[in-house]
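Visitor: Dropping the structure in here first, questions after.
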Amino acid sequence: MLCWGSMATGQLGLGDVVGGLVSEPRRCTVFSGRGLKEVACGGQHSLFLLHDGSVYTCGSNSCGQLGHEKPGGMPELVGALDAQKIVMVSCGWAHSVAVNKQGQVFAWGAGSGGQLGLGTAEDTVRVPRLIKKLCEHRISQITCGNQHCIALSKDGQLFTWGQNSHGQLGLGKAQPSTLSPQPLKSLSGIPLAHIAAGGDHSFALSLSGAVFGWGKNSCGQLGLNDEQDRAVPCHIKFLRSQKVVYISCGDEHTAALTKDGGLFTFGDGSQGQLGHDSTNNEALPRRVLELMGSEVSQIACGRYHTLAFVPSSSTVYAFGCNTSGQLGTGSKGIAKSPLPIKGIFFSHRGGHSMSGDIIVFCVLCTCNSIAPEDFRVINTTKSISIINYENLDTWRMRLTDSTDSSITKCGNSVCVMLVHISLPPTSDDGHFKTNPRIPGIDLNSVRLLFDTLMKPAFSKLLEQATKSFESLLIPQLPCSPPDVEAMRIYLILFECPVLQDSKYFITLTIPLAMAILRLDANPSKVLDNWWSLVDGSVFSRLVEIYKNTVVFLLTGGKALLIPVFLESYISATLRLLEKLHKVNLKAQHVEYNQFYIPDITSLVDIQEDYLKWFLMNAGISFQSSVTLCAYPFILNAQAKTTMLQTDAELQMQMAVSGANLHNVFMLLTLEPLLARNPFLVLHVRRAHLVSDALRELAVYSDIDLKKPLKVIFDGEEAVDAGGVTKEFFLLLLKELMDPVYGMFTQYSESNLLWFSDKCFVEHNWFHLIGIICGLAIYNSTVVDLHFPLVLYKKLLDVSPTLDDLKELSPTEGSDSSFPQITREYYGLTEMKELVPGGENIVVQKSNREDFIKAYLNYIFDSSVKELYGAFSSGFLKVCGGKVLSLFQPSELMAMVVGNNNYNWEEMEKNAIYKGEYSASHPTVKIFWEVFHEFPLEKKKQFLLFLTGSDRIPIYGMESLRIIIQSTAAEEHYLPVAHTCYNLLDMPCYQTKDTLRQRLTQAVEQYEGFSLV
């Protein structure tokens, strides 16, 4: 051991020599061969810890800080600690602390400020005493300021006590001091790696390099770019990206060591202790440039000086105050830049240094095979515990023969340690990458942990941990976590399988949702970012958990909860699903229909729910009750169709009766007071479909358009039971889409249609197509319109994207950054500039996005503004209103054109048979054999022949019921379709070949509707 600096009170332990100073390193042989492990320096006294656990002290004993009554010139044994195996020591200005192998803390010396943590404010305590309040916690680190202490427990909890004159306890300024340890809850959830205390300021460092400081800041020693004291921990954002691994504090300055061996200093620089070749204070962390070419592995701060060890050259550098020779340079005067210390210890490989007020010790290891201690490597004996199988098994064993209180402690231990679980430090510094976009946690390890807890042998421990989640963890989750690391708990908890168990929905799953919804804006965005990065399977599980929770509350909630709680819980669950849905809009983890709650229409009266929502949006209070319509993403096609029909009925009844909104519910209980004709009846001629449709629709009001549609073809006797209407839509749109009119451009690659930017047809034709699309929705009829999804986006005010152009025209979409566009009209080619002077502008990375936007604007907006405007006004005339805002573009598209999710087996299963036919009839059997052998296009032709459309209603195949009826006709007759009823009249064909020929011929000859 080498030492230098002041010997005023014998604190160097050099024997009877008291007074004077030592300006160069001097060897102290008192512990030679005895295994010196650690040294701690106070204001005027020193502590020495040996590997055998014994503690020696020397120096001033004015307040009993030596723990014995012997002279202070030589290190003497603290006999009161003989029975303890001490593993750690620390010193304040005039007090001392020691931690034994069990993590218990002993304190002695000056105690007037409460710094001993004994619950009393005694001026002097001359014999080490146990701090009883910490006995339930195993302390892994402890550090002392002038008159305060900080302790970190193995389970990651932080405790402070003592003087609080500048807020150095981090507990706020409510009390000038605290006589016993208090938990510092504001840093709860942060996995801490290191703690440090200065004169009247404190620091804590997380595993991912987040630095928190609090207390006195008169010289900028907190690194917050000001000189204002802080009574609670504050994040030192300047150091967040520097990978800080160790902190050391002087009286009013601070030094930070980084993973790559860099040294930053800040605070009081009046004695040159910052090493920046000046005596200026620094309010922001500043790197010590003199050491930038070297990797520093150890740092230590005295009151007004700093030491740094560079292992590559085995050199200790010192800078700062030197009035008592504490720099060890052999000369007096301050050093404003790092200077190498003189001495003989540079050849030694191991050891570490410790600075006090005006003294320095350097502990050496004379064995060349041992490398010097590196403060950049985590000391596992001082780090917080990790949750592993061994720890879990230990707690499990305790539960077998424990008291109730210790059982609870085991559960709480899992709970608390779970908060501090972290990605283990690895060679690629993964844990330093924690930021608002990367959680820095190994979720696979978390899953393994919960897999272990779910095993039968650990059932009791899981039960206790679950109780602790409910009573301790979730209720204490803060609105504004101190750092992103504290946000990890939200990812961790969702890996716990019990959250998926309905038994815990009310006690765990919903309270967790409420905690998430309480988060302030910034941490809430962090969680959104992390959710957008998780695996699709993880995200899908989250969605399912809260969908199941909604179903649970709707089915059994009334029996378990009083109404006010039920409303609150349903609201929280739906809002959490809404948050997930917004994340999914960007991340695209799952299809939008995965948010649908199955059978929602059987759980809730959708009509009543829509009316509540309608009234609330109209400004009429409805006691702030929760409505599912406010969360349309959970509603399936059936529910949304019901809403649409309810909206239509509501508007019709209101218009007919002149009722106000207050009477809406009364209206619904009465017979509808409709106009003289309850239907929208159109009389049309097959030869003049377009002109007749325009004429007929012109005489009806907007409200009339929402009535059920009935179509009468002139000269035909068919009664419209749905089939005639379907045929009307089919024939009318077929004529309107005829290429001869040039209303639409067909894109050959996609076979999709878009409005033509050169069209000479009257705009009311487009208006008619819009009305027809709206009528198709209100009459649950699918129409075959080959429009891209972007049309429905525009109807819902969703901006087109490049993907929409790729859907319409893959070639154009892959290179849509041309400054001009080429179009061919009736054999003539025209060039259109997308931006002024476009032909002279070179497309490059800096302006490519601008050209893409211009291209999209031209294709989807400016070139077709009038035609699209006519179409949308027709569509919105029928389907306008707030109800439309509840739809997704893809849902609206499916409402109009249906979908092609064919399930032919489902169609066979749902078929109805009449006459002598049944599912087991020989003719029926060969019919289905023939049908299933048809290629897809032929099957679609059959669907068109039988139902009037070759697409499936939005409800799916289960809503399409076909009827097969036997006839007395002979085999040479063809099958006949009654489109109105989805009814097929089929003779009893005896052979498969005959049935195939007759059915194929009937399907291919189909042209229009007629009544047989």
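Visitor: Find the eigenvalues of the gyration tensor of the Cα atoms of the range 490-569, then list the square roots of 5 times those eigenvalues as equivalent ellipsoid semi-axes, largest first, in whole angstrom. Mind dumping the intermediate values first?
Guide: On the way: eigenvalues 113, 47, 19 Å².
Result for the range 490-569: semi-axes of 24, 15, 10 Å.
Visitor: A further question on this structure: Which net charge results for the neighbourhood of residue 875, defined as the other residues with beta-carbon distances under 14 angstrom from its beta-carbon, given Lys and Arg at +1 and Asp and Glu at -1?
Guide: Details: positive: 706, 793, 794, 877; negative: 702, 797.
It works out to a net charge of +2.
Visitor: Can you give me the P(r) profile for the range 158-315? Cα pairs, bins 5 angstrom wide beginning at 0, each as a whole percent.
Guide: Bins of 5 Å from zero give 2, 10, 20, 23, 20, 13, 7, 3, 1, 0 percent of pairs.
Visitor: With r as the distance between the Cβ atoms of residue 29 and residue 620 and R0 = 56 Å, compute the FRET efficiency 1/(1 + (r/R0)^6) and round to 0.05. Show your work: numbers first, answer last.
Guide: Details: r = 91 Å, r/R0 = 1.63.
So the FRET efficiency works out to roughly 0.05.
Visitor: If the range 904-1004 were replaced by its equivalent ellipsoid, with semi-axes equal to the square roots of 5 times the Cα gyration tensor eigenvalues, what would those be, largest first, whole Å? All intermediate terms of the calculation are to be shown ahead of the outcome.
Guide: Values: eigenvalues 80, 43, 34 Å².
Computed over the range 904-1004, the values are 20, 15, 13 Å.
Visitor: Okay, moving on. Between the range 92-162 and the range 923-938, how far is it from one alpha carbon centroid to the other, in angstrom?
Guide: 86
Visitor: Another question about this same structure. How charged is the neighbourhood of residue 901? Take every other residue with its Cβ under 14 Å from the Cβ of residue 901, and add Lys/Arg as +1 and Asp/Glu as -1.
Guide: Net charge around residue 901: -3.
Visitor: Let me ask something else about it. Quick one: go through the range 544-568 and flag any residue whose amide nitrogen is under 15 Å from the point 7 Å out along the Cα-to-Cβ line of residue 608.
Guide: 554-559, 563, 567
Visitor: Over the chain, calculate the relative contact order: mean separation of alpha carbon pairs under 8 Å at least 6 apart, over the residue count, as a percent. Before the final figure, lay out the partial values.
Guide: Working: 2111 pairs, mean separation 58.6, N = 1012.
Worked out over the chain, it gives 6 percent.
Visitor: Could you work out, for the chain, what percent of all Cα-Cα pairs fall into each 10 Å distance bin, beginning at 0 Å and stopping at the bin that holds the largest distance?
Guide: All Cα pairs, binned at 10 Å, distribute as 2, 9, 14, 15, 13, 11, 10, 9, 7, 5, 3, 1, 0, 0 percent.
Visitor: Compute the FRET efficiency between residue 920 and residue 593 as 1/(1 + (r/R0)^6), taking r as their Cβ-Cβ distance and R0 = 41 Å, and round to the nearest 0.05.
Guide: On the way: r = 36 Å, r/R0 = 0.88.
In this case the efficiency is close to 0.70.
Visitor: Here's another thing I want to ask about it. Compute the helix-to-body angle for 723-736: its Cα long axis versus the longest principal axis of the chain, expressed 0 to 90° and rounded to tens.
Guide: Its long axis makes an angle of about 80 degrees.
Visitor: Relative contact order for the range 40-147: what is it in percent, counting Cα pairs under 8 Å that are at least 6 residues apart? Can you show the working numbers first?
Guide: Numbers: 279 pairs, mean separation 26.5, N = 108.
That works out to 25 percent.
Visitor: Taking the Cβ of each residue in 458, 744, 48, 565 as the centre, tally the other Cβ atoms inside 10 Å and list the residues starting with the fewest. Numbers along the way, then the final one.
Guide: On the way: 458 20, 744 23, 48 27, 565 14.
The most exposed by this proxy come first: 565, 458, 744, 48.
Visitor: So for the chain: antiparallel DSSP bridges make up what percent, rounded to the nearest 5? Intermediate results must be reported in sequence, preceding the final value.
Guide: Details: 108 of 121 bridges.
Counting only bridges with both partners in the chain, antiparallel ones make up about 90 percent.
Visitor: Rounding to the nearest 10 and keeping the result within 0 to 90°, find how far the Cα-based axis of helix 563-587 lies from the longest principal axis of the chain.
Guide: On a 0 to 90 degree scale, this one is about 90.
Visitor: About its Cα centre, how strong a charge dipole does the chain have in debye, to the nearest 20, once Lys and Arg get +1 and Asp and Glu get -1 at the Cβ?
Guide: Working: 84 positive and 99 negative charges, 730 e Å.
The calculated dipole for the chain is roughly 3500 debye.
Visitor: Then there is this: Within 10 Å, count the other beta carbons around each residue, average over each peptide in 61-73, 846-858, and list them highest first.
Guide: Working: 61-73: 20.5, 846-858: 16.5.
The densest-packed peptide leads the list: 61-73, 846-858.
Visitor: Which Cα, out of 646, 14, 538, lies furthest along the positive dipole direction of the chain (beta carbon charges, K/R +1, D/E -1)?
Guide: Farthest along the dipole direction, towards plus: 14.
Visitor: Relative contact order for the range 904-1004: what is it in percent, counting Cα pairs under 8 Å that are at least 6 residues apart? Spell out each step's value before the answer.
Guide: Numbers: 147 pairs, mean separation 31.4, N = 101.
The value is 31 percent.
Visitor: Also, quick follow-up: To the nearest 500 deg cm²/dmol, what mean residue ellipticity at 222 nm is calculated for the chain from DSSP H runs of n ≥ 4 alone, each contributing -39,500 (n - 2.57), summed and divided by the residues?
Guide: Values: 26 runs with 309 residues, N = 1012.
Mean residue ellipticity, 222 nm, calculated: -9500 deg cm²/dmol.
Visitor: For the residue pair residue 500 and residue 712, what label-to-label distance in nm results when each label sits 7 Å from Cα along the Cα-to-beta-carbon direction?
Guide: Using points 7 Å along Cα→Cβ, the separation is 6.0 nm.
Visitor: Then there is this: Please give the net charge around residue 279, taking every other residue with its beta carbon less than 12 angstrom from that of residue 279, where Lys and Arg add +1 and Asp and Glu add -1.
Guide: Numbers: positive: 336; negative: 268, 277, 282.
Residues near residue 279 contribute -2 overall.
Visitor: Also: How do 888-894, 698-704 rank on mean C-beta neighbours within 10 Å, highest first?
Guide: Working: 888-894: 20.3, 698-704: 12.4.
Those peptides, ordered most packed to least, come out 888-894, 698-704.
Visitor: On to the next question. Between residue 865 and residue 734, what FRET efficiency follows from the Cβ-Cβ distance if R0 is 25 Å, with the result rounded to 0.05? Walk me through the numbers on the way to the answer.
Guide: Working: r = 26 Å, r/R0 = 1.06.
Plugging the Cβ-Cβ distance into 1/(1 + (r/R0)^6) gives 0.40.
Visitor: Continuing with this model, one more query. Given the alpha-carbon gyration tensor of the range 841-911, what are the semi-axes of its equivalent ellipsoid in whole angstrom, ordered largest first, with each equal to the square root of 5 times an eigenvalue? Before the final figure, lay out each step's value.
Guide: On the way: eigenvalues 275, 88, 25 Å².
Ellipsoid half-lengths, sorted descending, are 37, 21, 11 Å.
Visitor: Once label points are set 7 Å from the Cα along Cα→Cβ at both residue 908 and residue 561, what is their separation, rounded to one decimal in nm?
Guide: 4.6
Visitor: Taking the highest mean first, how do the peptides 538-546, 152-160 order by number of other beta carbon atoms within 10 angstrom per residue? Don't skip to the end; give the middle numbers.
Guide: Numbers: 538-546: 18.8, 152-160: 23.0.
Ranked by mean Cβ neighbours within 10 Å, highest first: 152-160, 538-546.
No value in this document is a laboratory result; all are computed from the given coordinates. Predicted, not measured: the structure shown is a model, and the values here were computed from it. Every residue, glycine as well, gets a Cβ built from its backbone with ideal geometry; the counts of neighbours run over all protein chains shown.
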